[in-house]
Each structure stands twice: as structure tokens, then as C-alpha cells.
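Engineer: My questions will all concern the structure given below.
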Amino acid sequence: MLWKYILRCGFATVMGEKAGSLFRIPRSQWNPAELSSLLGPLQLRCTPMQQSEQSVLLFLYNPSLIRSIVSMQENMQFLSQLGYPNDSAPVLTHLLKKMNLEVSFPHEIGLFLGYPLKDVQGYMANHGHNSLYDGYWKVYHDVEGAKRQFARFDMCKQRCLEICSMGELHNALIYCHRKCDTQTHDALPDRQER
């Protein structure tokens, strides 16, 4: 039941509030065919980033939001300094290679998860310490903006849970996504594009 993990761990991405979500699933739940059938109608993608005998680390993402984030000049400059190509198309391939080749975790993945660049840079510069606030990520800049974003994520999570409690959970995945397209963005206050 892969869709349960997608809804539980990737709710903000399914609802369109977050560019990507990173989560582990048990190896026994890894089924690429089921994943393709679930995500096809949602125009979301999911890539295995790391695999072990026990689990698979998945990156669930919205390709158009990723392209938007990566194409921003300051983000592209940041990634370029870390060895990424200067073209938005192959950046995910480069990230995947880094995930599989490096001993340390490539913390720039926060950018692909939709975290603000200044928070990603702050995390990297401080080695995960000295944050101003901790929520869905560690905040090093604009605490109030992050708190508003976290509140939107909490609303998305609550909506997903409500929708899931109404009936057939497989269809809830599609319904959550469609609900997002028609209502969530207008209903959630202070939505700011990055």
C-alpha cells in the first residue's frame, strides 16, 4: 500500500504546497509499477534516491515546481558552486549521483524540497546547528514567513487526513491533488511564490 506512505509523508507535495518530499519506505513496499499508476494522473514523479536491503529512500516531487525553483538565478548560481550543471534539466540526475556516491548527505537537497535558499545555506554553514526556529525544516532566516508556511503544511496535512477518512484511500490521493488545484492555493493565506 504505497499510496499510504505517499499521503502520510508527501502530503504537502501532493497538495501542491511543497516542491518535493523525501521519505523512506520499507523495501517490501517498493513497487515501481504501482508508483507509476498512482502518480501518473497527478503529474508527480518519484525517484528512488538510495536503496538498502531494508528500505528505499524516495524523492516525491512536482517537476514543474522543481524547474521553477532551479531556474531562479540565485538558486542556479548556488547549485553551480556545488558542481551542478548550469542547465535545469540534468540537476536531478546530478543530485541522484551525489546521493549514491557521497558518504555525507548532500544538504542542498533542501532546495529541491522547496526550502528557501537562505535556510539551505544557513543549514550548510552551521552544520545543522544554531537555527532560529525548527519546524518542517531548520529556519535560519525569515522565521515568520517559515511559520506561515508551516501552518499551510499543517492545513494540507489536516485536509489529507479528512479526505482519507471519508472513504477509499487510493482515490483520496487523486482527490487531494485535485482539491489542491481548485481550492487550496486560494484558501491558504499569504502564499508566496519562491
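Engineer: When residues of the range 136-167 are filtered for being more than 20 Å from residue 17 (Cα to Cα) and surrounded by fewer than 18 Cβ atoms within 10 Å (Cβ to Cβ), how many remain?
Structural biologist: 3
Engineer: Moving to a separate point now. Can you tell me which residue within the range 88-135, out of those that are of a type in the set (Lys, Arg) and within 15 Å of residue 58 (Cα to Cα), is least open to solvent (accessible area, probe 1.4 Å)? Explain how you work it out, then say what you get.
Structural biologist: Let us first name the residues in the range 88-135 that are of a type in the set (Lys, Arg), namely 97-98, 118.
From what's left, within 15 Å of residue 58 (Cα to Cα): 97-98.
Working: 97: 121, 98: 28 Å².
If we take residues in the range 88-135 being of a type in the set (Lys, Arg) and within 15 Å of residue 58 (Cα to Cα), then 98 is least open to solvent (accessible area, probe 1.4 Å).
Engineer: Only one residue in 78, 11 is more than 17 Å from the chain's Cα centre (by Cα), closer than 26 Å to residue 152 by Cβ and surrounded by 15 or more Cβ atoms within 10 Å (Cβ to Cβ), so which one is that? Explain how you work it out, then say what you get.
Structural biologist: Working: 11 fails: more than 17 Å from the chain's Cα centre (by Cα).
Selected residue: 78, the only one of 78, 11 that is more than 17 Å from the chain's Cα centre (by Cα), closer than 26 Å to residue 152 by Cβ and surrounded by 15 or more Cβ atoms within 10 Å (Cβ to Cβ).
Engineer: Six or more apart or on different chains, Cβ under 9 Å: which pairs go from a residue in the range 33-49 that's surrounded by fewer than 16 Cβ atoms within 10 Å (Cβ to Cβ) to one that's part of a helix (DSSP H, G or I) and of a type in the set (Phe, Trp, Tyr)? Could you list them?
Structural biologist: Note: pairs meeting the criteria are 34/3.
The values are calculated or read from the model by the stated rules, or taken from the named source; none is laboratory data. Everything numeric here is computed off the predicted structure, so don't read it as measured data. All Cβ positions, even for glycine, are placed from backbone atoms using ideal geometry, and neighbour counts span all protein chains on display. Each accessible area value is taken on the protein alone, full model and side chains, heavy atoms only, with ligands, DNA and RNA left out. Shrake-Rupley method; radii C 1.70, N 1.55, O 1.52, S 1.80 Å.
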